Amino acid sequence: LRSYLRDESSRLRLLRRFYEKVQALHQDPEASVDNPLLAFGLIKRLHLDWPNVIYSDEATRNTQALHAGLREVEQELPGAEDLEGAARALMRLQDVYALSVKGLASGVFQRAGQPPLYSPVRRASLSADDCFHVGKVAYDTGDYYHSIAWLEEAVSLFRLSYGSWNLEDRSSLEDALDHLAFSYFMAGNISHALSLSREFLRYADPRNQRVSRNVAKYKKLLETGTGASARPLQRPNSTRLQSRDAYEELCQRPGAQVGLAGLPWSPSTSGVPPHALLGPLPPQAAPEQLLHLGCSYETNGSPFLLLQPAKKEMVRIQPHVVLYHDFITDAEAETIKGLAGPWLQRSVVASGEKQQKAEYRISKSAWLKDTADPVVRALERRMAALTGLDLRPPYAEHLQVVNYGLGGHYEPHFDHATSTKSPLYRMKSGNRIATIMIYLSAVEAGGSTAFIYANFSVPVVKNAALFWWNLRRNGNGDGDTLHAGCPVLAGDKWVANKWIHEHGQEFRRPCSADPQD
């Protein structure tokens, strides 16, 4: 586009010069005819020069170059699925972080009466056309809860700029009014649907037969009393999410929005580390548990960690959740992201005996074997030393690298299988006994890991590794490990997951004398 503008500007400068020359020559119309030289010039220009100007080869070449440039990158440009996904991401952020549509459209990430969750350096805003397309995505799927909010904002912005459309806009006030009226009708608010439809006929297209029929229908419904009361709008049910309120409350907590990677880490034998205070202890937890929360240097009896112990922060006792600070270096994180980048594909989830894409997990992932690079091999040795577990295949899965982009999230789930039919059992090495999740990047806001039933969340801490046991010592799943990846509000979240299976760990994490443990 920059090249096209440059070439066209040059062509138009020559065209203006031609116009100004002709204008100067013919200031006196009679002289143009009386002077044989001027008369010849006039005839020549009208017969030869003007067609050359009108049917300019240069103009054609510039347009063809623009079209050719578009064709070169067309396959790399976002498609309809990408646009729909981006719109759904904005709606997800609206819901999970309780943000108003009007605030979002004006570039403000703030809940009512609360400090901003995110304050961008350069404030951006959405146009009326932008808001219309978000609302249209909701409208097309029958989600009138979201379509009404976004289309209302689109109508409001279109009204403010009536008559001054942008070149790139694909929609108009008429489109927004039309979709908004039907959304209100489907939501049971007939009177407002009638008002909006009348506005459409008054300002847009008085002869639109479809809208005219709708007006007649709305009037009849109101006269008969059929549509006298509007039903309260309900948010659509999220896929398999039964603990939505707790999940969203954890994501909204101020502590979960600000990563503490920039704070100095200091080990201590007493005192409570900052991350452990992100959520109150659950009611069943004993206060003395706080005495066991702290920071320390950890070698786990491994010679591998003697010279450089791990920086351990005990986040929770039940479930057992530990955060290891500075677990990898910046260079290692960049290497892992670089190795995974070309292989990233939409993440899938277990569904019965199969794996498939799902709206409750929006991310891209790739798998790296320890033979992919010496950095991956070194990381595998470090994780084995830290956990004391056997990470050799098939006792552990390959390293999974995940990228959460715009609004990327993973709703509450267990890492361990809750059914023996799960694809996890295809490895013939039992269930997932433990998880190591390494934060490969920092984010500006959002993206925390929320443990729903345990009622706490851990923010993204760059280069740190989060560890927890998925199974109890008796082999049963630990219900307190239900966790979620909160939507990324601002930034680009990268993590690496290592899932360790129970086979091969029999003597490394043996059963206890208590069958309930």
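The simple Förster model, with R0 at 41 Å and r as the Cβ-Cβ distance, assigns Ser156 and Asp57 a FRET efficiency of 0.30.
For the chain, the longest principal axis of the alpha carbon atoms and the long axis of helix 190-203 meet at an angle near 30°. How much length is gained on full extension from Asn300 to Leu42, taking 0.36 nm per residue of separation minus their Cα-Cα distance? This chain segment gains 83.4 nm when fully extended.
How much net charge surrounds Thr435 when only the other residues with a Cβ under 10 Å from the Cβ of Thr435 are counted, with Lys and Arg +1 and Asp and Glu -1? Walk me through the intermediate numbers first.
Working: positive: Arg432, Lys498; negative: Asp415.
Cβ neighbours under 10 Å give a net charge of +1.
Take every pair of alpha-carbon atoms less than 8 Å apart whose residues are at least six positions apart; their mean separation over the length of the chain yields a relative contact order of 12 percent. Over the chain, accessible surface divided per residue gives 54 Å², non-protein components excluded, 1.4 Å probe. Prolate is the label for the chain. Its Cα gyration tensor axes, ordered a ≥ b ≥ c, give a/c of at least 1.5 and a/b above b/c. Here the accessible area of the range 361-517 is 51 percent carbon and sulfur, with a 1.4 angstrom probe and all protein chains present. Helix 330-340 versus the longest principal axis of the chain: what angle, 0 to 90°, nearest 10, using Cα atoms? Helix 330-340 sits at roughly 70 degrees to that axis. Which of the three applies to the range 80-224, rounded, prolate or oblate, going by the alpha-carbon gyration tensor with a ≥ b ≥ c and a/c under 1.5 meaning rounded? Verdict is prolate for the range 80-224. Helix 128-140 versus the longest principal axis of the chain: what angle, 0 to 90°, nearest 10, using Cα atoms? Once rounded, one gets 60 degrees.
Sorted on the mean count of surrounding Cβ atoms within 10 Å across their residues, most packed first, peptides 2-8, 85-91, 243-249 read 85-91, 243-249, 2-8. Expressed as a whole percent, the accessible area of the range 1-49 that falls on carbon and sulfur atoms is 61 (1.4 Å probe).
Shown for the chain: cysteine residues without a partner Cβ closer than 4.7 Å, namely Cys131, Cys295, Cys511.
Taken about its Cα centre, the chain carries a charge dipole of about 560 debye when Lys and Arg each add +1 at the Cβ and Asp and Glu each add -1 at the Cβ. Taken as Cα centroids, the range 433-470 and the range 85-130 sit 24 Å apart, rounded to the nearest whole angstrom. Any lysines with Cα under 30 Å of the Lys493 Cα? List them, leaving off those in the same chain fewer than 8 positions away. Answer for Lys493, where 30 Å is the Cα cut-off: Lys102, Lys136, Lys311, Lys312, Lys337, Lys354, Lys357, Lys364, Lys369, Lys462, listed by chain and number. Taking all protein chains together and rolling a 1.4 Å probe, Thr329 ends up with roughly 70 Å² accessible. What are the GluC sites (Glu not before Pro) within the range 129-196 that DSSP puts in a loop, where the Cβ has at most 16 other Cβ atoms within 10 Å? Counting only loop positions with at most 16 other Cβ atoms within 10 Å, the GluC sites (Glu not before Pro) in the range 129-196 are Glu168. For the peptides 395-403, 94-102, 11-19, the ranking by mean Cβ contacts within 10 Å, running from highest to lowest, is 395-403, 94-102, 11-19. Of all aspartates and glutamates in the structure, those lying under 19 Å Cα to Cα from Lys21, and not within fewer than 8 positions of it along the same chain, are Glu30, Asp34, Asp49. Under 5 Å between amide hydrogens, built in the peptide plane, is the criterion, and for Leu471 it picks out Asp478 among residues at least 5 positions away or on other chains. For the peptides 142-148, 117-123, the ranking by packing is 142-148, 117-123, with the highest mean count of neighbouring Cβ atoms within 10 Å listed first. All other residues whose Cβ lies under 11 angstrom from that of Arg170 are scored, Lys and Arg at +1 and Asp and Glu at -1, for a net of -4.
Estimated at 0.36 nm per residue, the fully extended path between Ala513 and Asp330 surpasses their Cα-Cα distance by 61.6 nm.
Neighbours of Pro319 by Cβ distance under 9 Å: Lys/Arg scored +1, Asp/Glu scored -1, total -1. Note on Arg71 and Asp373: the model spin-label points, each 7 Å out from Cα along the C-beta direction, lie 3.7 nm apart. Within a straight-line Cα-Cα reach of under 17 Å, Lys219 can be paired with the following aspartates and glutamates, leaving aside sequence neighbours fewer than 8 residues apart in one chain: Asp178, Glu199.
Label sites at Arg111 and Val22, each approximated as a point 7 angstrom past Cα along Cα to Cβ, lie 6.6 nm apart.
What is the extension gain from Glu506 to Glu84, computed as 0.36 nm multiplied by their sequence separation minus the C-alpha to C-alpha distance, in nm to one decimal?
Contour length minus Cα-Cα distance gives 147.2 nm.
Here is how the number arises for the chain: DSSP H runs of 4 or more residues each give -39500 (n - 2.57), the sum is divided by the residue count, and the result at 222 nm is -11500 deg cm²/dmol.
The values are calculated or read from the model by the stated rules, or taken from the named source; none is laboratory data. Everything numeric here is computed off the predicted structure, so don't read it as measured data. A quick note on method: Cβ atoms are made from the backbone with ideal geometry, for glycine too, and the neighbour counts reach across all protein chains shown. Accessible surface areas use protein heavy atoms only, side chains included; no ligands, DNA or RNA. Shrake-Rupley method; radii C 1.70, N 1.55, O 1.52, S 1.80 Å.
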